[in-house]
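Below is one structure, written out as structure tokens, with a few remarks after it.
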Amino acid sequence: MVVLKTAQEIALMRQAGRVVATVLAELKARVAPGVSLMALDQLAEKIILQHGALPSFKNYQPKGAPYPFPASICASVNEEVVHGIPGPRKLKEGEIVKLDVGACYKGYHADSAITVGVGNISPRAQRLIDAAQECLTAAIAAARKGNRFGDIGAAIQRVAESKGYSVVHQYTSHGVGRELHEGFGLPNTGQAERGMLLRPGLTIALEPMINEGRAETKVKKDGWTVVTIDGKLSAQFEHTVAITDGEAEILTRLD
Ligand code: MG
Ligand code: MG
């Protein structure tokens, strides 16, 4: 099922997106050795509520999840891919952390994620982060009217694999809007010119996850945290975008 948004709905998603972008900018500035994931979560929730929005992830329970997600952000460190629960654990120099934030404003969700280095990180970790950012940029460039879902997946895969990384295929990009996960999953791998046609009014959370080692993942005993199967690093960036007549509009940014 595909839900096309009106200009008015996209305007509300833009506002939700601005809240998410504000939170991520604050969290990024706060990341440092010794800072706990819980402190980042509390700060995020405070900012979201201050803007008259609600944290999309808190108490979210999709099918198959053992219990509702207990926090406002996902914080996933090093080999954790996505859906990490922010607890008392403190960040350490050299680690990388994925911060994923969702906010719902007047019934419309926006969803965005970044990967941040803690203090000084290895060139190897930095290269992975840069590649993940480049994958998202390529995905957004491919998210154009007339292209198909497969063009986006193929663009991500091309960038990641050309640098020797693998693309996580057990989790996808997704429709977003009235619901956090709305209507469809969009694989982050694929074949060009295949799959569903992109149309103006489609709103998508594009979120390539790439791994240093194998693409496969597993879920930890907490029932939420997804980790790489080989324990190697993973990086991710995510933006919520709207398909238009021209270039996709990024809804989760400040300017
Ligand atoms: Mg997200
Ligand atoms: Mg998402």
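Where a number appears in this text, it was derived from the coordinates with a stated rule and is not lab data. Worth saying up front: this structure is predicted, and the values here are computed from it rather than measured. So basically every Cβ, Gly included, is an ideal-geometry build from the backbone, and we count neighbours across all protein chains shown.
Could you calculate, for region 42-81, the ratio of the Cα radius of gyration to the Kirkwood radius, expressed as Rg to Rh?
Here the Rg-to-Rh quotient is 1.04.
Looking only at LYS90, LYS221, LYS46, which one moves most when the chain is put into a Gaussian network model with springs between Cα atoms under 10 Å?
LYS221
Can you check what the net charge comes to around ALA71, using other residues whose Cβ is under 10 Å from the Cβ of ALA71 (Lys, Arg +1; Asp, Glu -1)?
Taking every other residue near ALA71 into account, the sum is -1.
Starting from the Cα of GLN191, step 7 Å along the direction of its Cβ; do the same at GLU247; then give the gap between the two resulting points in nm.
3.1 nm
Please order PHE237, PHE69 by the number of other Cβ within 10 Å, starting at the fewest.
Lowest to highest Cβ neighbour count: PHE69, PHE237.
Treat each spin label as a single point 7 Å out from the Cα along the C-beta direction, and report the VAL35 to GLN170 distance in nm.
2.9 nm
Mind giving me the FRET efficiency for LYS28 and VAL3? R0 is 25 Å, r the Cβ-Cβ distance, nearest 0.05 is fine.
0.20
Using a simple charge model, +1 on the beta-carbon of Lys and Arg, -1 on the beta-carbon of Asp and Glu, nothing else, what dipole does region 7-250 show about its Cα centre, in debye to the nearest 20?
Around 240 debye, computed over region 7-250.
Just to be sure I understand: with springs between alpha-carbon atoms less than 10 Å apart, which residue in ALA160, ALA21, ALA65 has the highest mean-square fluctuation in the Gaussian network model of the chain?
ALA65
Pairs of alpha-carbon atoms within less than 8 angstrom and 6+ residues apart define the contacts here; what relative contact order does region 115-240 have, in percent?
29 percent
Return the single residue from ILE152, ILE121, ILE85 with maximal mean-square fluctuation; model: Gaussian network over the chain, springs between Cα atoms under 10 Å.
Checking each option, the largest mean-square fluctuation is seen for ILE121.
Compare the Cα positions of LEU27, ALA143, GLY52 along the charge dipole of the chain (+1 at Cβ of Lys, Arg; -1 at Cβ of Asp, Glu; about the Cα centre) and return the one farthest towards the positive end.
GLY52
For region 193-255, give the magnitude of the charge dipole about the Cα centre (Cβ charges: +1 Lys/Arg, -1 Asp/Glu; no others), in debye to the nearest 20.
Around 400 debye, computed over region 193-255.
Which ³J(HN,Hα) values, rounded to whole Hz and listed in residue order, are derived for region 181-192 from phi using the Karplus coefficients 6.51, -1.76 and 1.60 in 6.51 cos²θ - 1.76 cosθ + 1.60 with θ = phi - 60°, glycine and proline given as x?
10, 10, x, 8, x, 10, x, 8, 10, x, 10, 4
Relative contact order, percent, of the chain when contacts are C-alpha pairs under 8 Å separated by at least 6 residues?
Reported as a whole number, the value is 23 percent.
At a Förster distance of 35 Å, what's the computed FRET efficiency of ALA11 paired with LYS220, Cβ-Cβ distance as r, to 0.05?
0.35
With each label point set 7 Å from Cα along the Cα-Cβ vector, what nm distance links LYS163 and LYS145?
So the two model labels end up 3.1 nm from each other.
Could you give the C-alpha radius of gyration of region 7-250 expressed as a fraction of 2.2 N^0.38 Å, taking N as the number of residues it contains?
So region 7-250 has a normalised radius of gyration of 0.94.
Just going by the charge dipole of region 7-250, with Lys and Arg at +1 and Asp and Glu at -1 on Cβ, which of ILE210, ALA103, LEU40 is farthest out on the positive end?
Result: LEU40, furthest along the dipole toward the positive end.
State to the nearest 20 debye the size of the charge dipole of region 122-255 about its Cα centre, where the only charges are +1 on K and R beta carbons and -1 on D and E beta carbons.
Dipole size: approximately 320 debye.
Would you work out which of GLN191, ILE10, VAL168 lies farthest towards the positive end of the dipole of region 7-250, given +1 charges on the beta-carbon of Lys and Arg and -1 on that of Asp and Glu, about the Cα centre?
My answer, from the dipole projection, is VAL168.
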